[in-house]
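The values are calculated or read from the model by the stated rules, or taken from the named source; none is laboratory data. Quick caveat, the model's predicted, so the values are computed rather than measured. So basically every Cβ, Gly included, is an ideal-geometry build from the backbone, and we count neighbours across all protein chains shown.
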Amino acid sequence: MQQQLAEIQSIVEDVLKLAKDKGATQAEASMSKVEGIAVSSRLKEVETVEFTNDGGLGITVYQGKKKGSASTADLSPQALRLTVEKAIEIAKHTSDDDCSGLADKELMAFDFPDLDLFHPEELDTEFAIQQVIAAETSALNVDPRITNSDGASYNANLGTKVYGNSHGLIAGYNSSRYSMSCVVIGEQDGDMQRDYSYSVGRQAGLLTNPEQLGREAAQFTLDRLGARKVKTCKVPVLFDREIASGLFGHFISAISGGSLYRKSSFLLDKLGQQVLPNWLNITERPHILKGLASSPFDHEGVKTQDMDIVSKGLLNHYLLTSYSARKLKMQTTGHAGGIHNWFIQHTGESDKEMLAKLGTGLLVTELMGQGVNIVTGDYSRGAAGFWVENGIIQYPVHEITIAGNLADMLMNIVAIGAEQETRGSVQTGSILIEQMQIAGE
């Protein structure tokens, strides 16, 4: 893959030179190549085997304050030349935009750390098939009430990513990503439920073993059988750690530059103000070795750096690209393309202690629908989970809606569990919110 990295860097360099020769005052290009396999099974029969080997190049050129972009999956010299010409052509027809242009040269990642993101394994179809069949077999053998399967899947991807621009930056790295999942269906007294388990990581050898994955999927499904509705009420709500990161996903949208300069965020003008409880800190650490959201630079070549996003509940930073930063008369924070490993501070309780703290209320394990308005903060989503009394789970619950306002929900976080969800870009424990409206019977 080192040879592939060098080849791609050479292509990006050639494309940038071509753009300059054709009259671009500034240019940036990014190119990626991915090799991978995806195998899925259903009821212990192989359903699909896919092999991918694709890549693409995107280029953006600037002529003064005019911008044009084009992309291609054909990487032949003729196609690359045509792509550059099309980008130049498009730029001629766009209007001037004072905020467009590359990020500032002094922010570029001319040197950056190796984050140990590349752990290549042979893309072995037979191995992948064994994994998915083993996961399903394990799940279906747990209990006779597990009557059907929605399938198991195994994915392995080896990729190379290169970014370059006319500041003289050509930077790239290799990375790997492996994942496996299993989904099963259970039935009891005419009630059918489904649930799943999954594992993801940079190293194939560190995924959850398929037998355990299958057992987890089956157990989660069995736990949901016999679900009922609850009466409409206002109670404390505990977001299970698997879905808790979604709450911070809305927070991320609300403090992102695009929402802010368009004035379409419920956290408008909140920089330096309290947006979370005064005990809560959020840190971003982009250079965690093997991290799922680790990155030495963002999509504009800006060097990533450790940041304290929230300290004692106060919002320290918006999440800005160079464009949104100029719109807001600020400086980019290196967030073109998203966040890089967020760590949400917890209050030290185990999952059992979080249930005790909840007392009587709702533990939410699944959310449905898109009823979130980032402009107003209004929040209303379908939910399923468990009814809890005196800290003890009583029965599964489904077909309910939970509602509130995100600004209030974030301020009314009572506790965050110490047992953390680590399979994504936001690492957090379960989140207890003081009170929400539950719409049921």
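Summary of values
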read-out: Exclusive hit being surrounded by fewer than 21 Cβ atoms within 10 Å (Cβ to Cβ), touching a residue at least 12 places away in the same chain (Cβ under 8 Å), of a type in the set (A, V, I, L, M) and closer than 22 Å to LYS231 by Cβ, set ALA407, ALA418, ALA403; value: ALA403
read-out: Count of residues meeting criterion [of a type in the set (Lys, Arg) and not in a helix (DSSP H, G or I)] in the range 209-266; value: 6
read-out: Tabulated pairs, the range 204-224, first within 20 Å of GLU121 (Cβ to Cβ) and in the same structural domain as CYS182 (by TED's automatic domain parsing), second among the hydroxyl-bearing types (Ser, Thr, Tyr) and in a helix (DSSP H, G or I), C-beta under 7 angstrom, 6+ apart or interchain; value: PRO210/SER138; GLU211/SER138
read-out: Scan of the range 261-303 for residues that are over 22 Å from HIS119 (Cα atoms), under 21 Å from the mean Cα position of the chain (by Cα) and among the β-branched types (Val, Ile, Thr), ordered by number; value: ILE282, THR283, VAL302
read-out: Subset of the range 185-210 (residues that are surrounded by fewer than 21 Cβ atoms within 10 Å (Cβ to Cβ) and within 26 Å of SER350 (Cβ to Cβ)); value: TYR196, TYR198, SER199, VAL200, GLY201, LEU206, LEU207, THR208, ASN209
read-out: Single residue of SER100, SER32 found to be small (Gly, Ala, Ser), surrounded by 14 or more Cβ atoms within 10 Å (Cβ to Cβ) and within 30 Å of VAL183 (Cβ to Cβ); value: SER32
read-out: Tabulated pairs, the range 342-358, first closer than 15 Å to LEU276 by Cα, second aliphatic (A, V, I, L, M) and in a loop (DSSP other than H, G, I, E, B), C-beta under 7 angstrom, 6+ apart or interchain; value: GLN345/LEU280; HIS346/ALA418
read-out: Every residue from the range 314-359 that is in a helix (DSSP H, G or I), farther than 22 Å from PHE386 by Cα and among the aliphatic types (A, V, I, L, M); value: ALA325
read-out: Selection count, the range 41-51, where residues are surrounded by 13 or more Cβ atoms within 10 Å (Cβ to Cβ) and either among the hydroxyl-bearing types (Ser, Thr, Tyr) or under 30 Å from ASP14 (Cβ atoms) (or both); value: 1
read-out: Filtered residue count, the range 65-90, keeping only those that are closer than 11 Å to ALA27 by Cα, touching a residue at least 24 places away in the same chain (Cβ under 8 Å) and surrounded by fewer than 19 Cβ atoms within 10 Å (Cβ to Cβ); value: 0
